[in-house]
Amino acid sequence: MLETSLHEPGNSAETSAPQLLLASAGDVPFIVEAIVAESRLGHFSCDCARPDVLRGLWHQIQSIVTDGAAPMPGSRNGAAARAFVMQVGQANAGFAILMEHAPGGWHRRLELFALATQPAYRGRGLARSMVRNLVRDADSAVVYARCSRASVGMVALLGSCGFAAMAADGDGVVVLESHQSDRC
């Protein structure tokens, strides 16, 4: 399981080289604010304009970062989860969250639960780097993502990282998977 950062600070030759790090409590506001901003653009399906949803989002991200577990409805409640931030220099440029499909299933099936790159850092390959590093180092047989079919950019990004479309539902959500046997 991804317990620590994929790259420790100070290991790169350049201080501005992107680093993918395990998120800390100080990163929670960045992650929540990024989700809220992208939700307004239709990239996440939560209605962050509702105070109860926003409180729940804060609680969920804080729990993932501090406890390594996600408060979720139903059978996924308590599933292990890890949040990561991509830093360029001292700035958070993006984040990603990996979560077990079901509690105790880290090595069998993980969901790339959320991913976003700050607008100022897009077009630099940071999201692709996050996805490739997380999938490579996740130690899970399957990593999958669910995204709106309308999120053409996200579907293309995941496809370029070796994910294949597996299913689509009536709500326009497509499920893409990356299998360990197909990874380099």
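Just so it is clear, none of the values below were taken in a lab; they were calculated from the coordinates. Just so it is clear, the model here is predicted, and its values are computed rather than measured. FYI the Cβ positions are ideal-geometry reconstructions off the backbone, even for glycines, and counts take in every protein chain you see.
Dipole magnitude for the chain: about 320 debye, using +1 per Lys or Arg Cβ and -1 per Asp or Glu Cβ, origin at the Cα centre. When the Gaussian network model of the chain links Cα atoms closer than 10 Å, the mean-square fluctuations of 90, 19, 118 top out at 90.
A cut-off under 14 angstrom between Cβ atoms defines the neighbours of residue 102, and their net charge, with Lys, Arg +1 and Asp, Glu -1, is +1. Summing charges over neighbours of residue 39, with a neighbour being any other residue whose Cβ is under 11 Å away from its Cβ, gives -1 when K and R count +1 and D and E count -1.
For the stretch 85-160, the relative contact order is 28 percent, taking Cα pairs closer than 8 Å that sit 6 or more residues apart in sequence and dividing their mean separation by the residue count. For the chain, the relative contact order comes to 16 percent (Cα pairs under 8 Å, sequence separation of at least 6). Working note: Cα gyration tensor of the stretch 19-182, eigenvalues times five, square-rooted, sorted largest first, giving semi-axes of 21, 19, 18 Å.
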